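What follows is calculated from the coordinates using simple rules that are stated; it is not laboratory data. This one's a predicted model, so the numbers in the text were calculated from it and none came from an experiment. Note: ideal-geometry Cβ built from the backbone for every residue, glycine included; neighbour counts use all protein chains shown.
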């Protein structure tokens with residue numbers, strides 16, 4: 001069965017935690033048009049504070065995307081990996097994996113906060129959004145409402 005994966009990473013620093021920069025960041029899309037590519041590749045979109053949160057895209061092998069995918073018994077099991085383990089917020093109890101039937105898709109969001117080891121650099125932040133569809137989809141599928149939405153974002157302070 002066809003699997004479509006889109007991984008969006010938005011990254012910023014403390015400078016974009018409020019005001020106009022935060023408004024631009026918060027207005028960034030959580031789904032993009034899917035390019036025509038083999039299903040063995042994921043559509044990867046990056047948006048950075050330094051670029052004004054303008055999206056830049058590419059493709060990556062599915063095995064390099066931070067999400068576990070496993071097909072069994074006519075369903076697709078989806079569970080994003082939490083990377084890296086030292087990031088805040090702590091996730092001692094995570095939601096269970098989602099099991100999609102053909103025609104369904106999930107949007108799963110996780111966020112992170114990091115500091116430098118010596119504390120000499122500013123805080124940095126990530127928001128990872130995984131859009132995963134099981135079965136054929138149209139190019140604009142991830143612009144609509146997902147079948148399943150998992151919000152695993154936590155407080156970043």
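Of the residues making up the range 137-157, those that are out of contact with any strand residue (DSSP E or B) (no Cβ under 8 Å at 6 or more places or on another chain) and part of a loop (DSSP other than H, G, I, E, B) are 138, 139, 140, 144, 145, 155.
Scanning the range 17-68 for residues that are surrounded by 11 or more Cβ atoms within 10 Å (Cβ to Cβ) and assigned to a strand (DSSP E or B) yields a total of 14. The set of residues in the range 56-68 being touching a strand residue (DSSP E or B) at 6+ places or on another chain (Cβ under 9 Å) and without any contact (Cβ under 8 Å) to a residue 40 or more places away in the chain consists of 56, 57, 58, 59, 61, 64, 68. Restricting attention to the range 1-16, the residues being farther than 21 Å from residue 144 by Cα and part of a strand (DSSP E or B) number 3.
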